[in-house]
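The values are calculated or read from the model by the stated rules, or taken from the named source; none is laboratory data. All of these numbers come straight from a predicted model, not from anything done at the bench. Positions of Cβ are backbone-derived with ideal geometry, glycine not excepted, and every protein chain shown enters the neighbour counts. What goes into the accessible areas is simple: the full protein's heavy atoms, side chains included, and nothing from ligands, DNA or RNA. Shrake-Rupley method; radii C 1.70, N 1.55, O 1.52, S 1.80 Å.
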Amino acid sequence: MLERRLGLGQATAINMIDMVGIGPFITLPMIITMMNGQYFLYAWLAGALLSFVDAMVWSELGAAFPKAGGSYNFLKEAYGPNKAGGLMSFLFVWQTMIQAPLVIASAAIGFAAYFSYLVPLNEYTSKMVSGGVVILIVLMLYRKIETIGKISVFLWFGVIITILWIVAGGISHGNFFGPVTHMNDGLTVNYAFISAMGFASVKTVYSYLGYYNACHLGSEIKNPTRNIPRSMFLSIAGISVLYLAMNISVTSVVPWKEAKDSEFVISLFMERLMGSTAAVVVTCLILWVAFASLFSATLGYSRIPYAAAADGSFFKVFAKLHPTKQFPHISLLFLGGLGFLFSLLFRLSDVISAILAMRILIQFIGQSIGLILLHRKHGKAFFPWKMPLFPVPAILAIILWVGILLSTGWQMILAGLGVISLGTIVYFVKAKRNSEWPFQN
C-alpha cells in the first residue's frame, strides 16, 4: 500500500519541476514567431489563465478523491463506476499509456536539442543522449517515495536558481521593462491575431502542464484535502510570474526579431550579457531543469496504470509494487521503456501537439463536465475544497480547452480520436472476455 509521506512543500516542488521542463526555453522562439511581434507575452498570459481556471476543477476533484492515479479516479466517480465512468477511466489510462511516454520523449528530445549547444550532435548521437536520459530517470526513480520527495526538492532549487538568474540578468542590463512598454505596438485585435493566439497558446499551455501532478500522487500526499489544492495554486502563481519575468528579461536583451530565429535563445542571452562561460553555465542549468521535469513527470505518470490495475480496471500486471521499496515498478518500467522508444522515433514539434490533442477530450474536458455532473449528484457540500463562482470556471475551462484542441490541427485531433476509438474497442473486448457488461444499473 502506498503511504502518505509528501508534505505541501514537496508536493509543490513536484508540480513546479514538472511544469518547468525544457518547454519554456525551447518554445520561447516558437511563440514569438507565431505571434510575430512583442505581444507574444499575451500568449503566456493566456496559458496562465487556462491553467488557473483548470486548477479549480482539479482542486475540487483532487481534494474529494485523493487517490493514486488522479484523473482515473475523477472520471470513474464522475460518470459512475458501473456506467460510463468505467469506459472514461479506462480510456484515460489507455491514452496515458501512449501520451505519458510522449511527454517523457518530449523532455528527452528537448534535452538532447539543448545539449547540442555544448557538444555538437548528429542525428544518431542526439538519439543516444535522449535515450540515455530516459534510462537514467528510470534508475533514479527506482526507490522509496520519501527519497523521491527529497530528490524533488533538491532538483526544484536548481529550477528556481536558473530562472532567477535569467531574470536578474535582464534587470541588470537596464532595459527590463522595455518589452512591456512596447507590447501593444502595432497590435490589432482581429481574426489573424486571435488565430495566432490559438496556435501560440498550444505551446504556452504545454509549458504550464504539470500543475496537477500532485493529484496523480494523491495517496502519497499528507493532508490531501488542503495540500493538493494549495500545491497547485502555489505552483501556477509562482511559475506564471517566473515565465513572464523570464520572457521579458530575455527580450529586453535579445530583441524579439532576433530571438525568434535563435535555437538557443537563453544561451545567446547569457552570452551577450556575461560572455561564453556564463552561456555554458546557463545551458547546463537548463539541462538540469529539463532533467528535473522529466523526473517529476515520469514519477506522476507511473502511478496512473498502477491505480487502475489495483482497482481491477486495467491489466493486473501494472498493480505490482516493488517488494521492498513499495512503488509501482512494472508501471514505471513500461512507461520508461516506451518513452525511450518514442525518444528515438519522433520530432519535438510533433510530440507537443500530439500530447495536447490526445489529452484534452478525455482528461481535461471530460473531467470538467464530470465535475458538473458530480455537483448535480452530490451537491456542493460534498466537496472539501469549493470552487468560487461554480460552475463558471468549469464552463470556462471547457471553452478554453476546446479552443486549444482546435488549434492543434485536424491531423492531431484525428490521431487522438483514433487512440480513443481503439481504446474503446479494447475496453469492450476486455469486458466481454471477463463476462462483465460495463453499463449496469
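Counting pairs of alpha carbon atoms under 8 Å apart in space and at least six apart in sequence, what relative contact order in percent does the range 1-152 give?
27
Add +1 for every Lys or Arg and -1 for every Asp or Glu among the other residues with Cβ under 15 Å from the Cβ of residue 390, and state the total.
+2
Compute the long axis of helix 348-359 from its Cα atoms, compare it with the longest principal axis of the Cα atoms of the chain, and write down the angle in degrees, 0 to 90, nearest 10.
Helix 348-359 sits at roughly 30 degrees to that axis.
Between residue 380 and residue 188, what is the label-point separation in nm under the 7 Å Cα-to-beta-carbon projection?
4.6
Expressed in nm to one decimal, what extension gain is obtained for the pair residue 406 and residue 258 from 0.36 nm per residue of sequence separation less their Cα-Cα distance?
On the way: separation 148, 0.36 × 148 = 53.28 nm, distance 2.95 nm.
Computed gain between residue 406 and residue 258 is 50.3 nm.
I want to check the label-to-label distance for residue 143 and residue 168. Put each point 7 Å from Cα in the C-beta direction and report it in nm to one decimal.
2.8
Between residue 420 and residue 315, what is the label-to-label distance in nm when each label sits 7 Å out along the Cα-to-Cβ direction?
Using points 7 Å along Cα→Cβ, the separation is 2.3 nm.
Among residues other than residue 40 whose Cβ falls under 13 Å from its Cβ, what is the net charge (Lys/Arg +1, Asp/Glu -1)?
So the surrounding residues net to +2.
Give me the extension gain from residue 430 to residue 284: residue separation times 0.36 nm, minus the current Cα-Cα distance, reported in nm with one decimal.
47.8 nm
I need the calculated FRET efficiency for the pair residue 150 and residue 116, taking r as the beta carbon distance and R₀ as 25 Å, to the nearest 0.05. Please list the in-between numbers first.
Values: r = 31 Å, r/R0 = 1.26.
About 0.20, to the nearest 0.05.
So what is the 222 nm mean residue ellipticity for the chain from helices alone, if each DSSP H run of at least 4 adds -39500 (n - 2.57) and you divide by all residues, rounding to the nearest 500 deg cm²/dmol? Let's see the in-between values first.
On the way: 20 runs with 323 residues, N = 441.
So the helix-based figure for the chain works out to -24500 deg cm²/dmol.
Students often check this: by mean Cβ neighbours within 10 Å, which of 68-78, 44-54 ranks highest, and how do the rest follow?
68-78, 44-54
Scan around residue 68 for amide H atoms under 5 Å from its own, H built in the peptide plane at 1.01 Å from N, and keep only partners 5 or more places away or cross-chain.
Correct list: 218, 219.
Please state the relative contact order of the chain as a whole percent: Cα pairs under 8 Å, 6+ residues apart?
35
Can you grab the distance from the C-alpha centre of the range 293-356 to the C-alpha centre of the range 389-405, Å, no decimals?
One Cα centre to the other: 28 Å.
Output the 0 to 90 degree angle, nearest 10, between the alpha-carbon long axis of helix 85-115 and the longest principal axis computed from the alpha carbons of the chain.
That works out to roughly 20 degrees.
By its C-alpha gyration tensor, with a ≥ b ≥ c as the square roots of the eigenvalues, how is the range 344-436 shaped: rounded for a/c under 1.5, else prolate for a/b larger than b/c, else oblate? Don't skip to the end; give the middle numbers.
Numbers: a/c = 2.84, a/b = 1.27, b/c = 2.24.
Because a/c hits 1.5 or more and a/b fails to exceed b/c, the range 344-436 counts as oblate.
How much net charge surrounds residue 30 when only other residues with a Cβ under 10 Å from its Cβ are counted (Lys, Arg +1; Asp, Glu -1)?
+2
Against the longest alpha carbon principal axis of the chain, how many degrees, from 0 to 90 and to the nearest 10, is the axis of helix 224-253 turned?
The two axes meet at around 20 degrees.
Report the full-extension gain for the segment residue 157 to residue 237: residue separation times 0.36 nm, less the Cα-Cα distance, to one decimal in nm.
Values: separation 80, 0.36 × 80 = 28.80 nm, distance 1.69 nm.
Taking residue 157 through residue 237 to full extension adds about 27.1 nm, to one decimal.
For the range 206-338, rounded, prolate or oblate, judged on the Cα gyration tensor with a ≥ b ≥ c (square roots of eigenvalues), a/c < 1.5 rounded, else prolate if a/b > b/c?
Details: a/c = 3.14, a/b = 2.10, b/c = 1.49.
Taking the square roots of the gyration eigenvalues as a ≥ b ≥ c, the range 206-338 is prolate.
Hey, if you put +1 on the Cβ of every Lys and Arg and -1 on every Asp and Glu Cβ in the range 319-441, which of 373, 358, 405 ends up farthest toward the positive end of that dipole?
373
Once you order the gyration tensor axes a ≥ b ≥ c over the Cα atoms, which shape class does the range 231-278 get: rounded for a/c under 1.5, otherwise prolate or oblate by comparing a/b with b/c?
On the way: a/c = 2.90, a/b = 2.02, b/c = 1.43.
Here the range 231-278 falls in the prolate category.
Which of the residue pairs 67/316; 67/127; 150/377 have a Cα-Cα distance greater than 30 Å in the structure shown?
From 67/316; 67/127; 150/377, over 30 Å: 67/127; 150/377.
Taking the Cα centroid of the range 1-73 and of the range 186-235, what is the distance between the two, rounded to the nearest whole Å?
4
Under 17 Å from the Cα of residue 260, which aspartates and glutamates turn up, not counting those fewer than eight places away in the same chain?
Candidates past the 8-residue exclusion: 271.
For the chain, what is the accessible area per residue in Å² when the probe is 1.4 Å?
Values: 17280 Å² over 441 residues.
With the other protein chains kept in place, the chain gives 39 Å² per residue.
About the Cα centre, and with charges only on the beta carbon of Lys, Arg (+1) and Asp, Glu (-1), how big is the dipole of the chain? Nearest 20 debye, please.
1400
Provide the per-residue ³J(HN,Hα) series for the range 390-403, in order, calculated from phi with Karplus coefficients 6.51, -1.76, 1.60 and θ = phi - 60°, each as a whole number of Hz, with x at glycine and proline positions.
With the stated coefficients, the range 390-403 comes to 3, x, 4, x, 5, 5, 4, 4, 4, 4, 5, 5, 4, x Hz.
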